[in-house]
Amino acid sequence: MERRNFLRVAVVGTAAAAFGGANWREAFAAGAQPGPSPYGPLQAVNSSGLMLPAKFTSRVIARTGQKVAGTSYTWHPAPDGGACFKDGTGWIYVSNSEVPSTGGASAVKFNAQGTITSAYRTLSNTNVNCAGGATPWNTWLSCEEVDRGYVYETDPWGVKAAVRHPAMGRFKHEACAADPVRKVIYLTEDVSDGCLYRFKPTTWGDLRSGTLEVMTGSNSQTSGTVGWARVPDPDGSPTATRNQVSGAKRFNGGEGCYYADDTCWFTTKGDGRVWAYNATNSTISLTYDDSLVTGAPAPLTGVDNVTRSSGGDLFVAEDGGNMEICIITPQGVVAPFLRVPGQSSSEITGPAFSPDGSRLYFSSQRGTAGNVNGGITYEVTGPFRR
């Protein structure tokens, strides 16, 4: 068998297992390969500047340097990672700002009809806040993507002061995801020889103290059992956290991270991969690898932030590529869901679904201007699979 096809077979099998449940047989048959989107082809550019499937609509909810509609709040530069939180009959979308010194995070609040009711700051004067993750106790973890950066726990309602959590490790943070079953937080590291970590708080719901662990395993391993080992010094000085444990498994540019159904999905942009960590049996597998796409150009490149719909589809944002958000279905089909044309100097960030799953939020970090002051934050509404 040709090596490329042999590797594809290996990826197909392990990607299938990562989705689990009743869909694993279909995923094994299809693999993470290009195919027709369940939403159909992309339509012509709409009035918001997006290409969407039929029956979907969109609007711009915020632009960097401009007042958020209906509020007196000026939207932040370089919008990045984000998440949604239920707020009575409405919801809140929180977004990071990936700029030095003044980074932080902001929030937009919506009522039950989707009308913007307020916008405000939730974190100020932090450094290059890239991605992060929501907690089960309704806080937003905002991560600094700098050497020896911190994780900040913030209040989406903007009432409680943000709290810095050095126990979660000081390294070049990207994203994190909470696993309420094992009571840990997974964390990615955005360097070419980075690691995947998990933080085990002393008390679940209180991140002020706990144990930081790093995944262990062979660097050539793309599937199979992995381990975890304690990081002796989460402060990361003088030795970086990723270099403290012999046998720590390396990942090429850790990016997005999302947990659901006993699985932590995370992306590595340096090699175009979407990984799945099966937390039940401590195994990893490849859900997608752009170098192993066969028979067609890879529909998904520059993998970055990731989220998941209530229907089980992964939504993966591109940094580069065609400026698309692509889906990976439980049946292993990879296809574009939306495209942002004319913004090739930007990247797509912060995909997150409203609590009822009917709206998808995301940003073009640098917009048509191609710089941190050109950010545009969008809302897409339509018949998402449930």
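The values are calculated or read from the model by the stated rules, or taken from the named source; none is laboratory data. From a predicted model like this one, the values you see are computed outputs, not experimental measurements. With ideal geometry, Cβ positions are generated from the backbone for all residues, glycine too; neighbour counts draw on all protein chains shown.
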- Query: If you go through the range 159-178, how many residues are in contact (Cβ under 8 Å) with a residue 12 or more places away in the chain, of a type in the set (A, V, I, L, M) and outside any strand (DSSP E or B)?
  - Reply: 3
- So, in the range 44-97, of the ones that are among the charged types (D, E, K, R) and under 16 Å from Y120 (Cβ atoms), which residue ends up farthest from the chain's Cα centre (by Cα)? K67
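Within the range 260-283, track down each residue that is of a type in the set (S, T, Y) and closer than 16 Å to E189 by Cα. Walk me through it before giving the result.
The first filter runs over the range 260-283 and keeps only residues of a type in the set (S, T, Y), leaving 263, 267-268, 277, 280, 282-283.
Within the range 260-283, T267, T268, Y277 meet the criteria.
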- Task: Taking T203 as meeting all but one of (1) within 23 Å of the chain's Cα centre (by Cα); (2) over 24 Å from K269 (Cβ atoms); (3) not basic (K, R), write down the number of the exception.
- Result: (1)
- Task: Output the residue which, of all residues in the range 109-140 that are touching a residue at least 60 places away in the same chain (Cβ under 8 Å) and under 24 Å from E347 (Cα atoms), is surrounded by the most Cβ atoms within 10 Å (Cβ to Cβ).
- Result: A131
- If a residue has to be surrounded by fewer than 22 Cβ atoms within 10 Å (Cβ to Cβ) and either at pLDDT below 95 or not in a strand (DSSP E or B) (or both) to count, how many in the range 294-312 make the cut? 11
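Within the range 206-275, considering only strands (runs of 3 or more DSSP E) that don't extend past its boundaries, which have at least 2 residues that are crowded, with 22+ Cβ neighbours inside 10 Å?
Qualifying strands (runs of 3 or more DSSP E): 206-216, 254-260, 263-268.
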- Residue in the range 116-123 that is part of a loop (DSSP other than H, G, I, E, B) and either touching a helix residue (DSSP H, G or I) at 6+ places or on another chain (Cβ under 8 Å) or hydroxyl-bearing (S, T, Y) (or both) present: no
- Message: Taking the conditions exactly as written (surrounded by fewer than 21 Cβ atoms within 10 Å (Cβ to Cβ) and either modelled with pLDDT of 95 or more or of a type outside the set (S, T, Y) (or both)), does E2 satisfy them or not?
- Response: yes
- Task: Scan the range 296-349 residue by residue and report those that are more than 23 Å from S285 (Cα to Cα) and either among the aliphatic types (A, V, I, L, M) or touching a Lys or Arg at 6+ places or on another chain (Cβ under 8 Å) (or both).
- Result: N322, M323, E324, L338, V340, Q343, S345, S346, E347, I348
- Message: Can you list residue pairs whose Cβ atoms sit under 6 Å apart, with the first residue in the range 346-374 being on the phi > 0 side of the Ramachandran plot and the second being polar (S, T, N, Q) and part of a strand (DSSP E or B)? Count only pairs 6 or more apart in sequence or on different chains.
- Response: G350/S95; G350/S363
